[in-house]
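Only the coordinates and a few stated rules stand behind these numbers; no lab work does. The model shown is predicted, which means the values in this text are computed figures rather than measured ones. Quick reminder, even Gly has a Cβ in these numbers, built from the backbone with ideal geometry, and neighbours come from all protein chains shown.
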C-alpha cells in the first residue's frame, strides 16, 4: 500500500511528543526560528528529542538563524534533518553536513509551482511546499492551490499549509504528496497540540492511503 509520510511540526510539550510517537508519525519537528510562537530553546529541544525513538526522524526547523545557532542545535539536540524556511541559500543549508529540507513559500505573490525555486537547492534531501508567503513563518494555516504542487522532482515532496483532519484526505487523494506536514491543524493554540485532532488526522490520512491504493490497483 502506498503510504503518505506524516510530519507533526511545532512540538513543544513532552505529552504531545509521546502521543505522536504512539500514533506512529514518521517525523517530529522542533522549531528554533527566533520569531516563531512555537520556538523551543536548546534544553527544551534536547529533552523532547530524547523522547523520540530511532525509527522516527527529528527535524530541527530554522529561519535565518545564524550559523553558530545551527551548530548549537546540532550539538545539543542532534536532529536527523534540518529544515530551512528563510533566505538561506543552498551552500549555507548544505554546509552543516546534515540532510535538510527546504521550505518553498507558495503564498503571496507567487503563482508558479515552485519548481524553479526548488531547483536552486540541489543539495536538499527534499522540499516542503507551504502556504505562507515569502518571509512569513510556517505553521500559518494558510492553504495554497494543491494543483500547483510539483511532482517528479526526484526527491521527497511534503505538502503543508492549512491541512487538518477534515481536508488531509482530500489533499492526499488529489495532490498525492510524498508526505504531509501538520502544525496549526492539530493544535488548540500555537505549540499546544490537541490529542483528538492528532488521532483524527492520522486516521484520515491512513484511510486516504487505502483509497489511493485501491484506485491504483483498479486501473
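With a Förster radius of 45 Å applied to the beta-carbon distance between residue 47 and residue 214, the computed FRET efficiency rounds to 0.60. In this simple spin-label approximation, residue 35 and residue 167 carry label points 7 Å from Cα along the Cα→Cβ vector, and these lie 2.4 nm apart. Placing R0 at 30 angstrom, the Cβ-Cβ distance between residue 174 and residue 14 gives a FRET efficiency of 0.30 after rounding to 0.05.
One decimal place: the segment residue 21-residue 55 gains 11.3 nm when fully extended, by the rule 0.36 nm per residue minus the C-alpha distance. Distance between the modelled labels on residue 69 and residue 92, one decimal in nanometres: 1.1 nm (7 Å Cα→Cβ projection).
How much of the DSSP beta bridge set in region 5-218 is antiparallel, as a percent to the nearest 5? Antiparallel bridges make up about 5 percent of those DSSP assigns within region 5-218. Considering helices alone, the calculated mean residue ellipticity of the chain at 222 nm is -9500 deg cm²/dmol, with DSSP H runs of length four and up weighted by -39500 (n - 2.57) and normalised per residue.
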